[in-house]
Amino acid sequence: MFWRVALVAAALAVSCVGSASGEVTGAADNLRTGWYPDEPSLSPASVTEGTFGQAFKTPLQGAIMAQPLVANGTLFVATEDDMAYGLDPVTGAVRWSRKFGTPVNYTEIKNGTEVCPDIKPHIGITSTPVIDTASNVAYFVSNSYLKGESGESGWYMNAVHLASGEPVSGFPVELSGRKADNISSLTLVGNKQLQRPALLLMEGVVYAAFGSHCDFTPYAGFIAGVSTGGAFKTMWASSKTEGSIWQSGGGLISDGPKQILLTTANGTPSGEGDPLKGAGNAPPEGSLAESVVRLQVQPEGHLKAAEFFSPFNNKELDKEDFDIGSAAPIALPSQYFGTPADPNLLVQASKKGEVYLLNRSALGGMGQGPEGKDKVIEEKGLGEYGGVWDGSAVWPGDGGYVYIPGVSKPATGQMNFDFLRYFKYGVTGGIPNLSVAATSSEQLGFGSGSPIVTSNGTTSGSAVLWITHCPYTEPHHCEEAEGTELWAYNAVPIEGKPKRLWKAPIGFGSKFSRPNADNGHIYVGNHEGDLYAFSGPLAPVIEKVSPTKGVVGGGTKVTITGRNLTGATAVKFGSTAAASFTVQSGTSIIAVSPAEPAGKVDVTVTTARGTSALSSKDRFTFTPTVTGLNPNAGSQAGGTKVTVTGTGFVPGGTATAFKFGSAQATSVNCTSTTTCTVVAPAHAVGTVDVKASVNRVSSPKAAADRFTYS
């Protein structure tokens, strides 16, 4: 239904799309749009099979639930084994790694004898960090044992220098064991709470939200705040009981100075903890389960509820476990969405499948609409759309779209599968609305991730939607079913349907995970601890050369194995072009080595998409040769003057060395690259190989290099 809401006279400040200056955060920005507008190379035309693919895969320690982030030339990745990593964002090479305590074994998260299997085998760093690019510091929350490798656990705010991984002075700061400012009877208990939503950095304070493990009571929803200097600032609780803040990993929203928006999950099955009927600008502190809530930072740094929305049937939703807090809220950027009357919009999906379009400056309260129902701009989807355990994404171009992935059958709350829906933004009679423009034909199994959108600004036709797809399997956990894939879709429907452009396997997925985009790359982690990067158009990659040695005169046939080799325009051994080469396939080239001085070189392949990066896998060694000895015999006492013929010698007396067996020759004089005169050293009776050595590279054994001592 539709219901117009007037803006309050003193409208809350709202932000444009984007994070605060100098910040890299989850889902692209503090509105959590999932929109990455500075990716012109990731166009629909370039994201195709054969031209777009895996750039690297780096194995790390621990499941990756957090979204990877890139800032100041470092790819930052955190894992459930309490490990943090700084990677090269182009090659995937690990520059540094650091462990932050001992992660908690999931078998210790219990309700009686029942174990919570949501995150396993360890619970360490789960939420997406935040990076202050001005100071080049990354902030993240870790879970670890207070002592040893078992027992009670605690939650800690950490800060590291992004360039080195070194901890920042004043950190870590323990969050567990602290009481809520607004409900003093509540304390954040380490093994009862889970820190799932992406962190928010706002005005020098990092905020972290907490929910439950598998709804194991007692628990509550908390938000803790720690200053970037390491001072604990605040702890706020949503409800006296329950009211998790987890949002399937989606982050806390900020749409202006001192403003935080969030969504809480269900209260008790009897509805305890939910707000009663009341105006949106009179939120009941301590009873804000099953709600969208706006918090404001107070002068002393504490948080206070300023606005709220809760469905009129919140108690019914609680009873059926149909909370709205399974879906992350998303604020639509006001420069692209909204009307003069309703300029500041927020979309909230739910576990039951409803989609609410709210005025985030006047959220609507509880039961304030016609007939005591919801006072919202629009509410739709009951019984039509699948349940949402994810974040959404936005594309402001082409008239505006919102993308919502369903992962359960409509109005059932069952963890099975549903579909990706494209909602087209529009205005009818002056009132904003969303309408389903397309629904994917491919199913999304439970655990499929939150989407992102890349584009060249708002240029029409430039946008691509990215999402991790989990297959539908029992028992509905991504990490227990191999076959998770990263999918790319055209962000605008083609003939009324989402058009899938490309896909790639990523092993065992991490449920609800969100990929990241930066500088033409898409990054995503999995449950096995693998960090994948995909990019295109792809430069060639050499994985092997065989054989790895050949003579200085050239002519060795070398098989180059790798990826993206189709269309090769050049093959070089060091700086010298191959004598010839033939492209066998996208993974194989046969090249003939050129003449080259003795030594080790890198083999490179060049295509229209670039030149292969240098690595230890592309090394080829040019060796000198010994093709004749005159004489080829002499006294064991040494002293025989021998003329050595071969290839690759260096004229003069010091650059080329010779050994007769294990004994070094003396009085070496090379008159050309093919002739040297040496004096044989003393050696035991017998036949030995004479080896030439240039640039620490020795000639291979050959019948012509045999010298006999008598």
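Restricting the range 667-695 to residues that are open to solvent by less than 60 Å² (accessible area, probe 1.4 Å), among the polar types (S, T, N, Q) and touching a strand residue (DSSP E or B) at 6+ places or on another chain (Cβ under 6 Å) leaves a set whose member that is farthest from ASN632 (Cα to Cα) is SER693. Here GLY230 meets each of (1) outside any strand (DSSP E or B); (2) farther than 17 Å from ALA138 by Cβ with one exception, condition (2).
Yes or no: the range 245-265 includes at least one residue that is on the phi > 0 side of the Ramachandran plot and assigned to a strand (DSSP E or B). The answer is no, given that none of the residues of the range 245-265 is on the phi > 0 side of the Ramachandran plot and assigned to a strand (DSSP E or B). Does any residue of the range 116-123 turn out to be over 27 Å from PRO299 (Cα atoms) and surrounded by 24 or more Cβ atoms within 10 Å (Cβ to Cβ)? The answer is yes, given that some residue of the range 116-123 is over 27 Å from PRO299 (Cα atoms) and surrounded by 24 or more Cβ atoms within 10 Å (Cβ to Cβ). Does GLY653 fit the bill of being touching a Ser or Thr at 6+ places or on another chain (Cβ under 9 Å), surrounded by 20 or more Cβ atoms within 10 Å (Cβ to Cβ), among the small types (Gly, Ala, Ser) and under 30 Å from VAL685 (Cβ atoms)? Considered against the rule, which asks whether it is touching a Ser or Thr at 6+ places or on another chain (Cβ under 9 Å), surrounded by 20 or more Cβ atoms within 10 Å (Cβ to Cβ), among the small types (Gly, Ala, Ser) and under 30 Å from VAL685 (Cβ atoms), GLY653 comes out as no.
Would you point out the residue of the range 502-554, among those that are charged (D, E, K, R) and surrounded by 18 or more Cβ atoms within 10 Å (Cβ to Cβ), that is nearest to the chain's Cα centre (by Cα)? So that I can check it myself, show each step before the final result.
Quick first cut of the range 502-554, residues charged (D, E, K, R) only: 503, 511, 514, 518, 528, 530, 543-544, 549.
In the following step, the residues that additionally are surrounded by 18 or more Cβ atoms within 10 Å (Cβ to Cβ) were identified as 511, 514, 518.
Working: LYS511: 13, ARG514: 7, ASP518: 10 Å.
Within the range 502-554, the match that is nearest to the chain's Cα centre (by Cα) is ARG514.
Would the range 696-707 turn up any residue that is among the basic types (Lys, Arg), within 30 Å of THR576 (Cα to Cα), buried (at least 16 other Cβ atoms within 10 Å of the Cβ) and in contact with a strand residue (DSSP E or B) (Cβ under 9 Å, 6 or more places away or on another chain)? I'd like the intermediate steps shown before the answer.
The first filter runs over the range 696-707 and keeps only residues among the basic types (Lys, Arg), leaving 696, 701, 706.
Of the ones still in play, those that are also within 30 Å of THR576 (Cα to Cα) are 696, 701.
Checking which are buried (at least 16 other Cβ atoms within 10 Å of the Cβ) leaves us with none.
No: zero hits.
Filtering the range 204-214 for residues that are surrounded by fewer than 19 Cβ atoms within 10 Å (Cβ to Cβ) and of a type in the set (Ser, Thr, Tyr) leaves an empty set. Cβ-Cβ contacts under 8 Å between residues 6 or more apart (or on different chains), taken from a first residue in the range 681-693 that is more than 14 Å from PHE658 (Cβ to Cβ) to a second residue that is modelled with pLDDT of 95 or more and buried (at least 18 other Cβ atoms within 10 Å of the Cβ), are listed as ALA684/TYR709; VAL685/TYR709; GLY686/TYR709; THR687/PHE707; THR687/TYR709. Of all residue pairs spaced 6 or more apart or on separate chains, those with beta-carbon atoms under 8 Å, a first member in the range 127-149 that is over 13 Å from TYR207 (Cα atoms) and a second member that is of a type in the set (Asp, Glu) and crowded, with 23+ Cβ neighbours inside 10 Å are SER142/ASP82; ASN143/ASP82; SER144/ASP82.
Determine whether GLY165 is under 30 Å from THR74 (Cα atoms) and either at pLDDT below 95 or surrounded by fewer than 24 Cβ atoms within 10 Å (Cβ to Cβ) (or both). So that I can check it myself, show each step before the final result.
Numbers: under 30 Å from THR74 (Cα atoms): yes; either at pLDDT below 95 or surrounded by fewer than 24 Cβ atoms within 10 Å (Cβ to Cβ) (or both): yes.
Criteria met by GLY165.
Can you find a residue in the range 479-488 that is modelled with pLDDT under 95, open to solvent by 40 Å² or more (accessible area, probe 1.4 Å) and more than 22 Å from ALA27 (Cα to Cα)? Checking the range 479-488: at least one residue is modelled with pLDDT under 95, open to solvent by 40 Å² or more (accessible area, probe 1.4 Å) and more than 22 Å from ALA27 (Cα to Cα). Considering the range 601-636, the residues that are part of a loop (DSSP other than H, G, I, E, B) and closer than 17 Å to GLY586 by Cα include one that is farthest from the chain's Cα centre (by Cα), namely ALA608. Of the residues making up the range 257-277, those that are open to solvent by 10 Å² or more (accessible area, probe 1.4 Å) and closer than 21 Å to ASN30 by Cα are PRO257, LYS258, GLN259. When we screen ALA289, ALA237, ALA279 for residues that are modelled with pLDDT of 95 or more and farther than 25 Å from VAL205 by Cβ, the only hit is ALA279.
Among the residues of the range 546-573, those that are more than 22 Å from ALA608 (Cβ to Cβ), among the aliphatic types (A, V, I, L, M) and assigned to a strand (DSSP E or B) comprise VAL551, VAL558. Using the structure shown, decide if LYS304 is of a type in the set (Lys, Arg), at pLDDT below 95 and over 23 Å from GLY430 (Cβ atoms). The answer is no for LYS304. Cβ-Cβ contacts under 8 Å between residues 6 or more apart (or on different chains), taken from a first residue in the range 574-591 that is part of a loop (DSSP other than H, G, I, E, B) to a second residue that is basic (Lys, Arg) and open to solvent by 70 Å² or more (accessible area, probe 1.4 Å), are listed as ALA578/LYS572. If you filter the range 45-62 down to residues that are in contact with a Gly (Cβ under 6 Å, 6 or more places away or on another chain) and crowded, with 19+ Cβ neighbours inside 10 Å, you find that the one that is farthest from THR91 (Cα to Cα) is GLY62.
Residues that are over 30 Å from PRO370 (Cα atoms) and open to solvent by 10 Å² or more (accessible area, probe 1.4 Å) do occur in the range 233-240, at least one of them. For the range 440-460, how many residues are open to solvent by 10 Å² or more (accessible area, probe 1.4 Å), at pLDDT 95 or above and touching a Pro at 6+ places or on another chain (Cβ under 9 Å)? So the count comes out to 4.
Using the structure shown, decide if TYR156 is open to solvent by 10 Å² or more (accessible area, probe 1.4 Å), under 23 Å from GLY301 (Cα atoms) and part of a strand (DSSP E or B). Criteria met by TYR156. Looking only at the range 253-276, decide whether some residue is of a type in the set (Lys, Arg) and either within 19 Å of SER350 (Cα to Cα) or in contact with a Phe, Trp or Tyr (Cβ under 8 Å, 6 or more places away or on another chain) (or both). Taking every residue of the range 253-276 in turn, none turns out to be of a type in the set (Lys, Arg) and either within 19 Å of SER350 (Cα to Cα) or in contact with a Phe, Trp or Tyr (Cβ under 8 Å, 6 or more places away or on another chain) (or both).
Kindly establish whether ALA704 is under 21 Å from VAL551 (Cβ atoms) and touching a residue at least 12 places away in the same chain (Cβ under 8 Å). Judged against the criteria, ALA704 is a match. Does at least one position in the range 626-638 carry a residue that is free of Cβ contacts under 8 Å to residues at least 40 places away in the same chain, of a type outside the set (Phe, Trp, Tyr) and either within 16 Å of VAL545 (Cα to Cα) or open to solvent by 40 Å² or more (accessible area, probe 1.4 Å) (or both)? Yes, the range 626-638 has at least one match.
With respect to the conditions (1) crowded, with 17+ Cβ neighbours inside 10 Å; (2) of a type outside the set (A, V, I, L, M); (3) over 17 Å from GLN67 (Cβ atoms); (4) in contact with a Gly (Cβ under 9 Å, 6 or more places away or on another chain), PRO498 falls short on a single one, namely (4).
Evaluating ASN630 against the criteria (1) closer than 21 Å to THR556 by Cβ; (2) at pLDDT 95 or above leaves one unmet condition, (1).
Can you spot a residue in the range 145-156 that is at pLDDT 95 or above, touching a Leu at 6+ places or on another chain (Cβ under 6 Å) and within 30 Å of GLY449 (Cβ to Cβ)? For the range 145-156, residues at pLDDT 95 or above, touching a Leu at 6+ places or on another chain (Cβ under 6 Å) and within 30 Å of GLY449 (Cβ to Cβ): present.
The values are calculated or read from the model by the stated rules, or taken from the named source; none is laboratory data. Just so you know, these numbers come straight off a predicted model, no measurement behind them. Ideal geometry is used to build each Cβ from the backbone, glycine not excepted, and the neighbour counts take in all protein chains shown. The area values use the complete protein model at the heavy-atom level, side chains included, leaving out ligands, DNA and RNA. Shrake-Rupley method; radii C 1.70, N 1.55, O 1.52, S 1.80 Å.
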